[in-house]
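See below for the structure under consideration.
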Amino acid sequence: MLKVHVYFNYTRRLYSVKAMEGREKGKVLFHSKDVLLRNCTMKVSEAGRQRVLRTKQKNVHAGITGDLLALSPTVTWLNSFDIGYIHRIDNQWREDLIKRGTPITYSPYEGDSFYRVRGGITDKIYEAHHVFFTVAHDKHAQVFVEE
């Protein structure tokens, strides 16, 4: 299974998926509407967060690293990378992942980590068994965890 780092690309309104190992390490492999990872760690660069607070401009400084399990059927590949077989997320699977998951979010203005959103109560999260990333119909990022 390929270890990747996923973050929301505000320009494309899709998730960018970057290889964290292998020949393509450090390169963005593709952009996808839906991504499913396993054995996940949330990462926030404090230096990047401070730059956002200082300049009030977005930059890539937070994302989630894990093992790539599945993608949306339509993926924008940036090259012909061979990453082996990857499951495709259909609409039913997508709806099941959203129903079962707990929403999480991140804002550099709210804090220095990702956090769960449960009935108005928020608590920090640093790891999760599964993370599902999806783009809603209004093009906003949504992230759900299963612990």
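We did not get these values from a lab; they are worked out from the coordinates using the rules stated. What you are looking at is a predicted structure, and each value in this text was computed from that prediction instead of being measured. Here Cβ is always computed from backbone atoms with ideal geometry, including for glycine, and neighbour counts include all displayed protein chains.
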Quiz item: Taking the Cα centre of the chain as origin and charging only Cβ (+1 Lys, Arg; -1 Asp, Glu), how large is the dipole, in debye to the nearest 20?
Solution: 560
Self-check item: Label selected from [x] 21.8, 85; [y] 21.5, 83; [z] 14.8, 44, the criterion being Rg and Dmax of the Cα atoms in Å as computed here
Solution: [z]
Quiz item: Extension gain ARG116-ARG88, at 0.36 nm per residue separation less the Cα-Cα distance, in nm?
Solution: 7.5 nm
Quiz item: Spin-label point model (7 Å from Cα, Cβ direction): what's the TYR109 to GLU95 distance in nm?
Solution: 3.5
Quiz prompt | Length added when fully stretched, ARG23-LYS3, from 0.36 nm per residue minus Cα-Cα | solution = 6.0 nm
Quiz item: Distance from the Cα centre of region 1-22 to that of region 111-137, in angstrom?
Solution: 17
Quiz item: Going by how many other beta carbons lie within 10 Å of each one, how would you line up ILE64, ILE98, fewest first?
Solution: ILE98, ILE64
Practice problem: Give the calculated FRET efficiency between ARG54 and GLU127 to the nearest 0.05, with a Förster radius of 25 Å applied to their Cβ-Cβ distance. | Solution: 0.30
